[in-house]
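> Sharing a structure here in C-alpha cells format.
The values are calculated or read from the model by the stated rules, or taken from the named source; none is laboratory data. Note that the coordinates shown come from a computational prediction; the quantities given were computed from them, not determined experimentally. All Cβ positions, glycine included, derive from the backbone under ideal geometry; neighbour counts span all protein chains shown.
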Amino acid sequence: MQGKLLGKRVLMDKPYSKLVERAWGEKTPEGLVLSLYEAAYLLEKGKIRVYDEKGNELDLDEFLQRAETAEKEFFIKYVVFRDIRDRGFVIKTGYKFGTDFRVYPRGKKPGEAHTQFTVNVIPEEDRLKITEISRMVRLARAICTKLILAVVDSENEIVYYNVERVSL
C-alpha cells in the first residue's frame, strides 16, 4: 500500500480496506487520510510506502524530518503514539478535543466505543502551571474521558500519569 504526503497528512491510494478494518486513518471524500503519526508508524513497520509531491519515495528518516518540520514536537509525540499503539490500543489525534491524542479501549475502534483516554505529551524539561493542568482535567471530564499526561525524558522513556479531580 502506498500514499502521498500532503502537508500534515498522507492520502492513501486504493485499495486501503485492510487499513480501514484495523482502524487506521479517516475516510474522507478524497479517500483514506492518515495522520502523520499513523503514517510514521505504518512506515516504520513496513506496512506502507510514502511518496512526496514529486513522486519520490521517502524512507522513515526523511518522513520523520518532514513531519518534525510540519508539526511542533512531532518526534516525542510519535514516541508516545507508537508506545500506545504497540500496547494494543487504537490511538488517534485529539486536536478537535484540545489534546494531543485520544485513545479507545483496547480492542475497540472509533464508532464501537467512546474515547477512554485523552493524552497530552509533555517533554520532561517542560513545566506546567496549575492552571494548564486544571484546564486539561476540566476538558477531559467534559468529554467523559480520563486524562493521561505522558512525560517523555531525554532518552525517550515515557512515564504515564493519570490526572483527575478529587472531591473531598
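> Being outside the structural domain of residue 159 (by TED's automatic domain parsing) and not in a helix (DSSP H, G or I): is that true of residue 27 here?
yes
> Also: Looking at the stretch 38-81 only, could you name the residues that are surrounded by 14 or more Cβ atoms within 10 Å (Cβ to Cβ), in contact (Cβ under 8 Å) with a residue 60 or more places away in the chain and in a helix (DSSP H, G or I)?
Within the stretch 38-81, 66, 76, 79, 80 meet the criteria.
> So, one more: Among (1) of a type in the set (A, V, I, L, M, F, W, C); (2) under 23 Å from residue 22 (Cβ atoms); (3) touching a residue at least 24 places away in the same chain (Cβ under 8 Å), there is one condition residue 113 misses while meeting the rest; what is its number?
(3) is the only condition that residue 113 fails.
> Among the listed residues 86, 126, 153, which satisfies the condition of being surrounded by fewer than 15 Cβ atoms within 10 Å (Cβ to Cβ) and within 15 Å of the chain's Cα centre (by Cα)?
Checking each option against the conditions leaves just 86.
> Something else: Go through the residues of the stretch 60-75 one by one and say whether even a single one is in contact with a strand residue (DSSP E or B) (Cβ under 8 Å, 6 or more places away or on another chain) and of a type in the set (A, V, I, L, M).
no
> Is one or more of the residues making up the stretch 149-157 more than 16 Å from residue 77 (Cβ to Cβ), assigned to a strand (DSSP E or B) and either free of Cβ contacts under 8 Å to residues at least 60 places away in the same chain or assigned by TED's automatic domain parsing to the domain that holds residue 22 (or both)?
So far as the stretch 149-157 goes, no, none of its residues is more than 16 Å from residue 77 (Cβ to Cβ), assigned to a strand (DSSP E or B) and either free of Cβ contacts under 8 Å to residues at least 60 places away in the same chain or assigned by TED's automatic domain parsing to the domain that holds residue 22 (or both).
> Something else: Please go through the stretch 135-151 and give me each residue that is of a type outside the set (A, V, I, L, M) and touching a helix residue (DSSP H, G or I) at 6+ places or on another chain (Cβ under 7 Å), ordered by number.
Result: 146, single match.
> Kindly establish whether residue 135 is among the charged types (D, E, K, R), not assigned by TED's automatic domain parsing to the domain that holds residue 36 and not in a strand (DSSP E or B).
The answer is yes for residue 135.
> Kindly provide the set of residues from the stretch 82-104 that are in contact (Cβ under 8 Å) with a residue 24 or more places away in the chain and part of a helix (DSSP H, G or I), ordered by number.
82, 83, 84, 85, 97
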